[in-house]
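S.K.: Structure in structure tokens, see below.
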Amino acid sequence: MPETRYTILPSPIGPLVLAGIDARLACIGFPAGKGAVTPKSDWQRDDTAFGQARAQLDAYFAGRLTRFDLELAPRGTPFQLAVWQALTEIPPGETISYGELARRIGRPSASRAVGAANGANPLPIVVPCHRVIGAGGALTGFAGGIETKRFLLALERGQGAAAQAQMSLL
């Protein structure tokens, strides 16, 4: 069985755990909160792993990259995979509601299930679940926390300096 490798990437939102098998990224974990990921005992730390992911995430946080081009290996149900694929089609800096995302995948009455799939996304940022908001426009649940969600949206809208300053106050 292939070995899961991981590395830690410093970022403006705190250290991110990047994990996967071979060059395929399977997990991005936040430093704290619901989306926190602690490397498992059978994972092998390899700080040379995921060079493309590290470079692209660095470019994203610097405001130089809006779309990721990485080998991904998310694990989920067919429904979750469909939701996660649809997330990648939301343009950077834009937001849609859970109901709209449900309509986009052809399941208009499944907004709660879409929300659950969104919350189970193992690759936040790269698979941009932060671009989904409540029907009334409210920033709702996000594994990295609402302030991180606000930061990522501001960064994508070209307000990187303001977003950086806001995160440094937290």
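The values are calculated or read from the model by the stated rules, or taken from the named source; none is laboratory data. Just so it is clear, the structure is predicted and the values come from calculations on it, not from any experiment. Methodologically, a virtual Cβ is constructed for each residue, glycine included, from the backbone with ideal geometry; neighbour enumeration extends over all protein chains shown. Surface accessibility is based on the protein's heavy atoms, side chains included, excluding ligands, DNA and RNA. Shrake-Rupley method; radii C 1.70, N 1.55, O 1.52, S 1.80 Å.
S.K.: From the list 94, 100, which residue is of a type outside the set (Phe, Trp, Tyr), open to solvent by less than 70 Å² (accessible area, probe 1.4 Å) and either at pLDDT 95 or above or within 27 Å of residue 137 (Cβ to Cβ) (or both)?
M.R.: Result: 100 is the single residue among 94, 100 that is of a type outside the set (Phe, Trp, Tyr), open to solvent by less than 70 Å² (accessible area, probe 1.4 Å) and either at pLDDT 95 or above or within 27 Å of residue 137 (Cβ to Cβ) (or both).
S.K.: For segment 41-87: of the residues being of a type in the set (S, T, N, Q) and modelled with pLDDT under 95, which is farthest from residue 158 (Cα to Cα)?
M.R.: Among those residues, the one meeting the criterion is 41.
S.K.: Then there is this: If you go through segment 51-69 one residue at a time, how many are among the aliphatic types (A, V, I, L, M) and either buried (at least 19 other Cβ atoms within 10 Å of the Cβ) or touching a His at 6+ places or on another chain (Cβ under 8 Å) (or both)?
M.R.: Of the residues in that region, 2 qualify.
S.K.: Right, something else. I'd like to check which strands (runs of 3 or more DSSP E) are fully inside segment 1-55 and have at least 1 residues that are within 14 Å of the chain's Cα centre (by Cα) and without any contact (Cβ under 8 Å) to a residue 24 or more places away in the chain.
M.R.: Here the list reads 16-21, 24-29.
S.K.: Based on this model, can you work out whether residue 18 counts as open to solvent by less than 20 Å² (accessible area, probe 1.4 Å) and farther than 25 Å from residue 114 by Cβ?
M.R.: yes
S.K.: With respect to residue 104, determine if the residue is in contact (Cβ under 8 Å) with a residue 12 or more places away in the chain, under 20 Å from residue 66 (Cα atoms) and basic (Lys, Arg).
M.R.: Considered against the rule, which asks whether it is in contact (Cβ under 8 Å) with a residue 12 or more places away in the chain, under 20 Å from residue 66 (Cα atoms) and basic (Lys, Arg), residue 104 comes out as no.
S.K.: What number goes with the only condition from (1) under 24 Å from residue 145 (Cβ atoms); (2) open to solvent by 40 Å² or more (accessible area, probe 1.4 Å); (3) among the aromatic types (Phe, Trp, Tyr) that residue 79 does not pass?
M.R.: It fails just one condition, (1).
S.K.: Sticking with this structure for a sec: Pull up segment 105-124, narrow it to residues that are of a type in the set (A, V, I, L, M, F, W, C) and surrounded by fewer than 22 Cβ atoms within 10 Å (Cβ to Cβ), then point me to the one that is nearest to residue 90 (Cα to Cα).
M.R.: 105
S.K.: Another question, then. Consider segment 143-159. How many of its residues are farther than 21 Å from residue 116 by Cα, surrounded by fewer than 20 Cβ atoms within 10 Å (Cβ to Cβ) and of a type outside the set (Gly, Ala, Ser)?
M.R.: The total comes to 2.
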